[in-house]
Every structure is written in C-alpha cells, then in structure tokens.
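Worksheet: the structure to be examined is printed underneath.
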Amino acid sequence: MPLDNIVAKISRDAKVQAQTVTDQAKVEAQKYTQRAKADIEAECAQLLSDGQAQAAREKKQRLQIATLDIRKQVLGEKQQLIAKVFSQALQELQRLDNNKYASIIKNLLDSYPLIGDEELMVSQADRKRLGEGFIGQINQQLKKRGKKGECVWSSEQRSFTGGFIVHRGKIEANYSFESLLKSQQEELEQQVAQLLFAEVKE
C-alpha cells in the first residue's frame, strides 16, 4: 500500500477513534451530570425536608410553650377565683345565725369518732356563741350512745375563725373551718390543674 494511502487510513482511523472516544466521553459526561444533578436534587430535597421538619418541630415547641404559658395564666386566675370562693364560704359560715351554726358544729362532731373524754378547743368568739350549755348537750348525746360523755372545753387558745380542734392525749384532730376549707381548696385546685394540663405532652 502506498505511503499516502497508509497515512490517509491512519488519519481516518484516528478520526473515527477520536469521534468514538468523544461520543463516549459525552455519554459518560451526560450520565455523570445526570447523577450529580439527581444527587444534588436529592440532597436539596433532604435539606428542605430537614428544614421543614425542623421548622415544624420549632413551631410545635413554640406552640407548646405558648399553650403552657396560657394554661399557667388560666390556672393562676382559677386559683385566685377558688381562693375567693372559699374565703366567701368562710365568711358565710360566720354570718349564720347561732342555731344553724351550732347545728353545723354538732354535725362535724358526729362525724368524728369521739370516745367521750376529749377536750374541745374552739375560738373565744365561738365559745360565747355556742354557750356553756353546748358541751353538756354533746355529752348527753354521747351518753345515749353508750360513751363516757365527759368532754370538756379546752383551756388552750389558738387563732382560728370557726370550727373546733379535738384533743385526747397526744391525738389531735383539726376540724377548724380554715383547715377543712383549705383541704377542699387544695383538692379542687389540683383537679383544675389536672384538667388544664392533661393534654400537655413532653
């Protein structure tokens, strides 16, 4: 084969090979570009998803904090209202006429398992209000039930508005109105708090 023909053939083969390599390179480049684009899009989507999830978590957290603050405020207002109601109840008890008041004290005494030789402590105002004959009436009722009927007024004085405190040795039962109402007030406040915060999640 003449030299010119050999050179021409080599040139043609080189061009064909170069074109083939170029075409393959383009295909590989296109594949790489597509993969890179897909990876970038996936990463962007993940970042967006993470961002949205983070935003959602922050929004939920802010909402929970705001809800908690509101419920705390409501609880404080409820507690003030409850305290006012029980304060008014204590005042109402003090405004009862003497007969109704004595009846309440008797009912409270009936709810306590008296032995019959206890000391009953009442405020000075209540001792005058109930009268000296009141303790005798209690003792008569106790004797009818087969008990001693030897209760006496306590000489000890404490500061409470109404009701009584029972003493027998080292045993003491506080039936003062303040104590009874405070117990009910705390129980009611706890119930209100449980209702207000029942739906607050961690």
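Here are the numbers:
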| quantity | calculated |
| --- | --- |
| Leu81-Gln124 pseudo-label distance in nm [points 7 Å out on the Cα-to-Cβ vector] | 4.0 |
| Dipole of segment 97-188, positive direction: furthest Cα of Leu109, Gly133, Ser176, with charges on the beta-carbon | Gly133 |
| When each of Lys100/Lys144; Lys147/Lys170; Lys148/Lys182; Lys78/Lys100 is checked by Cα-Cα distance, pairs over 27 Å | Lys148/Lys182; Lys78/Lys100 |
| Mean projected area (nm²) of the alpha-carbon convex hull when segment 59-202 is viewed from all directions | 11.2 |
| Estimated inter-spin distance, Asp110 and Lys170, nm [label 7 Å along Cα→Cβ] | 3.4 |
| Relative pair counts by distance (%), Cα atoms of segment 149-188, 10 Å bins | 25, 50, 21, 4 |
| Sites Trp153 and Gln184 - FRET efficiency at Förster radius 30 Å, r taken between beta-carbons, to 0.05 | 0.65 |
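Values quoted throughout were computed directly from the atomic coordinates according to the rules given, and no laboratory measurement underlies them. Since the model is a prediction, treat every value here as computed from it, not as a measurement. Cβ: placed from backbone, ideal geometry, glycine included. Neighbour counts: every protein chain shown.
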